[in-house]
Amino acid sequence: MGSRQEDAASLEPQRFPIAILASGTGSNLAAILEAAEADEFAAEVVVVISDRTDAGALDIARAARIPTSVLSGSRKRQALTTAICDEAEHYGARALVLAGFMRILGPEAVVRFPDAILNTHPSLLPSFPGMHGVRQALEHGAKLAGCTVHFIDEEVDTGPIIAQEAVAVLASDTEDALHARIKAVEHRLYPQVVDAFARGRLVVQDRVVRWLDEVDATIAEGVGR
Ligand code: GRF
């Protein structure tokens, strides 16, 4: 017979297991972990995977006692993709959540995690995809920048858009200042999207993402992931 503590644990609702992929400072990881402190948050970070030993995200994960894994960034794309998918599955992850991950995943990832790879990008896609979205918005004289949370498909920054929010560009903006305001929005938006995804509320049809309300999501359990 199990102990009282084990019985209580078995009554806790199962959270949807996700792997976070991060190369940088990890402020989006921190935002997701903070959101996950709430009982009602539907996802659980089971592992943080990085391609860089010096990623600040690893320190954040360790402080939160979450398993970390560094997979050599010198591997070629296909080998790195296989290793990431294997590692995520090893920890039971059912989705990959990219939070400042600077490597491009190969097509195998989309096959192994169909409609289950999320990314946040610091521009209003389809404008300014790629590495320097914030800088390009400034150079282009855009009056609105922002962030886009989207599913990953076979190309770079082209997948179905889940959520977007605009940030006004100020005449005095530097790349760092604008990026900081965009990140502040990401820190609110990305955890909301991860939670909605984990609840099965995001359905992709003909590359358009529909948000189900909570009741529909319960009925349509499993749809969209
Ligand atoms: C974010 O702005 C995200 O949009 C981009 O990389 C940045 C990651 O920042 N893909 P952090 O490492 O989460 O602080």
| query | If you scan the stretch 143-167, which residues turn out to be part of a strand (DSSP E or B) and of a type in the set (Val, Ile, Thr)? | reply | THR148, VAL149, ILE161, ILE162, VAL167
| request: Kindly establish whether LEU138 is farther than 25 Å from ALA19 by Cα and modelled with pLDDT of 95 or more. | output: yes
| query | Before we move on, is VAL97 under 14 Å from the mean Cα position of the chain (by Cα) and within 14 Å of the ligand (Cβ to nearest atom)? | reply | yes
| query | Picking from ARG199, ARG210, which residue would you name as being under 23 Å from LEU96 (Cα atoms) and in contact with a helix residue (DSSP H, G or I) (Cβ under 9 Å, 6 or more places away or on another chain)? | reply | ARG199
| query | Can you name the residue in the stretch 143-178 that is in contact (Cβ under 8 Å) with a residue 40 or more places away in the chain, touching a Pro at 6+ places or on another chain (Cβ under 8 Å) and charged (D, E, K, R) and is also most open to solvent (accessible area, probe 1.4 Å) among such residues? | reply | GLU154
| request: Would you be able to tell me the number of residues in the stretch 109-142 that are of a type outside the set (A, V, I, L, M, F, W, C), farther than 27 Å from ARG94 by Cβ, assigned to a loop (DSSP other than H, G, I, E, B) and touching a residue at least 24 places away in the same chain (Cβ under 8 Å)? | output: 3
| request: Examine the stretch 122-140 for a residue that is within 20 Å of ASP176 (Cβ to Cβ) and away from the ligand (no atom under 16 Å from the Cβ), and state whether such a residue exists. | output: yes
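For the structure I just gave you, tell me whether ARG181 is without any contact (Cβ under 8 Å) to a residue 40 or more places away in the chain, more than 16 Å from the ligand (Cβ to nearest atom), within 24 Å of ILE20 (Cβ to Cβ) and not hydrophobic (A, V, I, L, M, F, W, C). Lay out the reasoning, then the answer.
Details: without any contact (Cβ under 8 Å) to a residue 40 or more places away in the chain: yes; more than 16 Å from the ligand (Cβ to nearest atom): no; within 24 Å of ILE20 (Cβ to Cβ): yes; not hydrophobic (A, V, I, L, M, F, W, C): yes.
The answer is no for ARG181.
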| message | So, in the stretch 184-223, how many residues would count as being away from the ligand (no atom under 16 Å from the Cβ), open to solvent by 40 Å² or more (accessible area, probe 1.4 Å) and in a helix (DSSP H, G or I)? | response | 5
| query | Looking at GLY73, is it open to solvent by less than 50 Å² (accessible area, probe 1.4 Å) and over 19 Å from PRO191 (Cα atoms)? | reply | yes
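The values are calculated or read from the model by the stated rules, or taken from the named source; none is laboratory data. For clarity, every value in this text was computed on a predicted model and none was experimentally measured. Neighbour counts are summed over all protein chains in view; Cβ atoms, including those assigned to glycine, are modelled from backbone coordinates with ideal geometry. The accessibility values were calculated without ligands, DNA or RNA, using every heavy atom of the protein model including side chains. Shrake-Rupley method; radii C 1.70, N 1.55, O 1.52, S 1.80 Å.
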